[in-house]
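Some notes on the structure that comes next.
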Amino acid sequence: MFHPRGHHRHSLHCILPPYLLRSVAQNGTGPQRAAALHTAAVDSTFRSLRFASTQTAQRAPSRIISGMMAESQCHRSIYDLQGQETFPGTLARSEGQGATGDVAVDEAYDGLGATYDLLWEVYGRNSIDDSGMRLNAHVHYGTNYDNAFWDGQRMVFGDGGGDLFNRFTIAIDIIGHELAHGMTEDEGPLVYFRQAGALNESMSDVFGSLVKQKFLNQTADKADWLIGAGLLADGVQGKALRSMKAPGTAYDDPVLGKDPQPGHMRDFVRTWEDNGGVHINSGIPNRAFFLLATQLGGYAWEKAGHIWYEALRDTRLRPDCGFARFARVTLMAAARLYGEGGAEDTAVRDAWNQVGIPVTREKVSVAFIPPQQGVPASKPSRRPNA
Amino acid sequence: MRIELKREGGVAFIPGLNRPRLFNLADLPPAQAEAITRSVQAASFFERPARVGTASKGAADQTRYTLTIEEGGRRHSVQLLEPVEDASLRALLDLLKQVERTAARAPPNTVNR
């Protein structure tokens, strides 16, 4: 469908974004073609931003080819590891095949589809690398395995032991969370350590939650803003792994302990554990996003999601980006997308202020955020030359 | 033989699961203790480097296990990043997780939590 707002921002590398090409090819009328061309013509800020980076410029040619493809194709493959920990396992369901009756296989299939749909329909992004990357998930990993992870290429889900956790495919936002790690790696990257790592984690929670909200067709005020609802087994005192709305309140249980997430900079946790607190301090940017989305109202994936998405794609988002720099990048993204001094601009500023990160757009261009101390000697991973 | 199993990472930081688990083989049922001893030997644990497995580019939410074993005056730690590809180390880890689970259901003092 043609985008109703007409000024929807999209990937620079597309002469026309894929979804526009598709819809124009299918349903295009004269005015729609004109609007599409106009959109492409005025959207130059993002082009210059992205071409400012040589890395991006190097990547551009292959991307233009993919962007010119009129059809997006979602390619899902779900593998059954049958309790083993050696990959790939047995192919249980591939794109277009019907339900298998194995609930983990089918939940993974649907969750990948919902994530793909959010990226494609809302952000005009063709899969997690914007080049149609195949989506592979591996379920039934190990026995009683209490985790889900992204290994850089594929998603892996355990069945949970049943005493503390249920199967990890039960929560669609966790599926979106894992896939979003792939998107962050492609667009960022954000080093998986300290504040940059917490932003990386938060980005996954934000887009994971948006996958769920869009799947349920919920407006920001109706969403529960929980990450991993349904994952905690019966008897565990808690409702989810994290709460974006009220970080630190997701669980308080004799075995699990208490949710350690802060929702404000005054409670920022300095630790060497958890890669410098990446799953802990992510509560702060998580709450900023929640505050922004509820302030703006409507569907969170629309304005708030677009602002975050453009911030993620901004070349000023460095691999060691801290919260303050990220906040400024979101503020600039809001101004680019919706105009300076508008409600969105103000709402972004208010949201960060409420979590203890005062931010002004003016400071962005002059601010120098020193690299975090203690970042590992290894260089940030190279942008894939996809 | 005393074994400490520490977990780090995963899709969430859960304080209660982050505490190290201590296994004293003398306190375990003989069959379990024997299986663990055999598995430690089969894995050549004391000859292993301090780290096994490296995170791929962009990987996230993986669990990192730190296994520390004390036996006869020697002490060695190995950090394992999942998925653990080495079969014998994986078998040892699986065994310890199994003991941990049975201990969680059994009365206290078999495993110090």
- Residues in region A:73-94 that are open to solvent by less than 30 Å² (accessible area, probe 1.4 Å) and under 24 Å from A:N144 (Cβ atoms) total 6
- Note on the structure: The correct count of residues that are surrounded by fewer than 24 Cβ atoms within 10 Å (Cβ to Cβ), hydroxyl-bearing (S, T, Y) and within 12 Å of chain B (Cβ to nearest Cβ) in region A:125-144 is 1
- Task: Collect the residues in region A:204-225 that are outside any loop (DSSP other than H, G, I, E, B) and either out of contact with any His (no Cβ under 8 Å at 6 or more places or on another chain) or not hydrophobic (A, V, I, L, M, F, W, C) (or both), keeping them in residue-number order.
- Result: A:S204, A:D205, A:V206, A:G208, A:S209, A:L210, A:V211, A:K212, A:Q213, A:K214, A:F215
- Message: Looking only at residues that are part of a loop (DSSP other than H, G, I, E, B) and among the basic types (K, R) in region B:29-71, which one is nearest to A:N147 (Cα to Cα)?
- Response: B:K57
- Got at least one residue in region A:225-248 being within 11 Å of another protein chain (Cβ to nearest Cβ), of a type in the set (A, V, I, L, M), touching a Ser or Thr at 6+ places or on another chain (Cβ under 6 Å) and open to solvent by less than 20 Å² (accessible area, probe 1.4 Å)? no
- Selection count, region A:82-107, where residues are within 30 Å of B:S88 (Cβ to Cβ) and in a loop (DSSP other than H, G, I, E, B): 8
- Item | Candidate set: region A:269-290, residues that are at pLDDT 95 or above and in contact with an Asp or Glu (Cβ under 7 Å, 6 or more places away or on another chain); chosen: the one farthest from the other protein chains (Cβ to nearest Cβ) | A:N286
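In region A:173-183, is there at least one residue being facing chain B (nearest Cβ under 8 Å), of a type in the set (A, V, I, L, M) and closer than 20 Å to A:D274 by Cα? Step through it out loud before you land on a result.
As a first pass, look at region A:173-183 and keep what is facing chain B (nearest Cβ under 8 Å): A:174, A:177-178, A:181-182.
Applying the additional criterion that residues be of a type in the set (A, V, I, L, M) yields A:174.
Add one more test, that the residue is closer than 20 Å to A:D274 by Cα, and what stays is A:174.
So far as region A:173-183 goes, yes, one or more of its residues are facing chain B (nearest Cβ under 8 Å), of a type in the set (A, V, I, L, M) and closer than 20 Å to A:D274 by Cα.
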- Is it fair to say A:A333 is at pLDDT 95 or above, more than 24 Å from A:A246 (Cα to Cα), in the same structural domain as A:S202 (by TED's automatic domain parsing) and open to solvent by less than 40 Å² (accessible area, probe 1.4 Å)? yes
- State all residues of region A:161-177 that are at pLDDT 95 or above and either more than 24 Å from B:D94 (Cα to Cα) or surrounded by fewer than 24 Cβ atoms within 10 Å (Cβ to Cβ) (or both); if no residue qualifies, say none. A:N166, A:R167, A:I170, A:A171, A:I172, A:D173, A:I174, A:I175, A:G176, A:H177
- Note on the structure: Note on A:D274: of the conditions (1) among the charged types (D, E, K, R); (2) at negative phi; (3) open to solvent by less than 50 Å² (accessible area, probe 1.4 Å), unmet is (2)
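Residues being open to solvent by 10 Å² or more (accessible area, probe 1.4 Å) and within 10 Å of chain B (Cβ to nearest Cβ): count how many of those fall in region A:190-212.
Taking region A:190-212 first, the residues open to solvent by 10 Å² or more (accessible area, probe 1.4 Å) are A:191-195, A:200, A:212.
With within 10 Å of chain B (Cβ to nearest Cβ) added as a condition, the list becomes A:192, A:200.
Matching residues across region A:190-212 total 2.
The values are calculated or read from the model by the stated rules, or taken from the named source; none is laboratory data. This one's a predicted model, so the numbers in the text were calculated from it and none came from an experiment. Here Cβ is always computed from backbone atoms with ideal geometry, including for glycine, and neighbour counts include all displayed protein chains. To get the accessible areas, we keep the full protein, side chains included, count just its heavy atoms, and leave off ligands, DNA and RNA. Shrake-Rupley method; radii C 1.70, N 1.55, O 1.52, S 1.80 Å.
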